[in-house]
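*Asks:* Have a look at this one before I ask anything.
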Amino acid sequence: MSPMGSIIRRLSLAGTCLAVFFNVGACAPSIRWQNPGVPEDQEVRDMSACNRLAAREVEKEFATDDKGLGGGNTYQAQMMRYDAGKRQKQFFNHCMRAKGYIEKTKE
């Protein structure tokens, strides 16, 4: 395969992956966290704290790999970033539940 054909094939694959990623995200229901005993300004602070915690945990988890999250645009680097995003969401959700919040799905 010519170098130009290889580049076009890679761009096509990357475009397909992005389209699937964004379409799946667009179909997912929105989640609203609720804790009836907590004022709204505290909810904002709790969400911010959980976001910071989740980012730190993912950084630690993925920094153990000698390549980290990969700065490149290879398929492997893209998948690692995708996995890191999923893990960060898991850490965030766990943190919010630990603070007494429950998920309420908006449709």
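Read-outs: derived from the displayed coordinates by stated rules, not from any lab. What you are looking at is a predicted structure, and each value in this text was computed from that prediction instead of being measured. Neighbour counts run over all protein chains shown; Cβ positions are idealised from the backbone, glycine included.
*Asks:* Explain nothing, just compute: Karplus ³J(HN,Hα) = 6.51 cos²θ - 1.76 cosθ + 1.60, θ = phi - 60°, for every residue of segment 34-45 in order, whole Hz, x for Gly and Pro.
*Replies:* Once rounded to whole Hz, the list reads 10, 8, x, x, 10, x, 4, 5, 6, 4, 4, 5.
*Asks:* Now for a different question. At 0.36 nm per residue, minus the direct Cα-Cα distance, what do N73 and R45 gain on full extension? Give it in nm, one decimal, please.
*Replies:* Values: separation 28, 0.36 × 28 = 10.08 nm, distance 3.43 nm.
Length gained, N73 through R45: 6.7 nm.
*Asks:* Which FRET efficiency value, to the nearest 0.05, is calculated for R97 and K60 with the Förster distance at 30 angstrom and r the Cβ-Cβ distance? Write down the numbers at each step before the final one.
*Replies:* Values: r = 20 Å, r/R0 = 0.68.
Once the sixth-power term is evaluated, E becomes 0.90.
*Asks:* For Cα pairs less than 8 Å apart in space and 6+ apart in sequence, what is the mean separation divided by the residue count of segment 30-106, i.e. the relative contact order in percent?
*Replies:* It rounds to 57 percent for segment 30-106.
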